[in-house]
């Protein structure tokens, strides 16, 4: 299956803007993000707490739906999914 991971702001600078991935069926979102983060020095620490859970401030979207962090560990990706990863966003 093919999945697109898009990263924004500081995550784009650290990991690159877009990753087109060919993955086996059944891959889970948190596993894919952990593997991607592990490709750069301190990348895992930029997205994940020591307990392996996504950091509270990391925003993850599947299409137009925000993904709750507790759900990321069990969410199986589907062919054609687009995942967006954002740092905290503030407005004013």
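The values are calculated or read from the model by the stated rules, or taken from the named source; none is laboratory data. What you see is a predicted model; the values in this text were computed from it and never measured. Here the Cβ is made from the backbone with ideal geometry for all residues, glycine too, and neighbour counts use every protein chain on show.
Candidates are the residues of the stretch 33-52 that are assigned to a helix (DSSP H, G or I) and free of Cβ contacts under 8 Å to residues at least 24 places away in the same chain; the one that is nearest to residue 14 (Cα to Cα) is 37.
You will find that of 85, 3, the residue that is under 11 Å from the mean Cα position of the chain (by Cα), at pLDDT 95 or above and surrounded by 12 or more Cβ atoms within 10 Å (Cβ to Cβ) is 85 and no other.
Scanning the stretch 12-30 for residues that are assigned to a helix (DSSP H, G or I) and either exposed (fewer than 15 other Cβ atoms within 10 Å of the Cβ) or in contact with a helix residue (DSSP H, G or I) (Cβ under 7 Å, 6 or more places away or on another chain) (or both) yields 13, 14, 15, 29, 30. For the stretch 1-11, the set of residues classified as over 14 Å from residue 80 (Cα atoms), touching a helix residue (DSSP H, G or I) at 6+ places or on another chain (Cβ under 9 Å) and not in a helix (DSSP H, G or I) consists of 7 only. Is it the case that the stretch 53-68 has a residue that's assigned to a helix (DSSP H, G or I), surrounded by 13 or more Cβ atoms within 10 Å (Cβ to Cβ) and either touching a residue at least 60 places away in the same chain (Cβ under 8 Å) or within 13 Å of the chain's Cα centre (by Cα) (or both)? There is no residue in the stretch 53-68 that is assigned to a helix (DSSP H, G or I), surrounded by 13 or more Cβ atoms within 10 Å (Cβ to Cβ) and either touching a residue at least 60 places away in the same chain (Cβ under 8 Å) or within 13 Å of the chain's Cα centre (by Cα) (or both). Every test in (1) touching a residue at least 60 places away in the same chain (Cβ under 8 Å); (2) buried (at least 18 other Cβ atoms within 10 Å of the Cβ) is passed by residue 80 save one, and that test is (2).
Taking (1) surrounded by 10 or more Cβ atoms within 10 Å (Cβ to Cβ); (2) touching a strand residue (DSSP E or B) at 6+ places or on another chain (Cβ under 8 Å); (3) under 18 Å from residue 1 (Cβ atoms) in turn, residue 35 satisfies each apart from (2).
Being modelled with pLDDT under 95 and in contact with a strand residue (DSSP E or B) (Cβ under 9 Å, 6 or more places away or on another chain) is a description that applies to residue 26.
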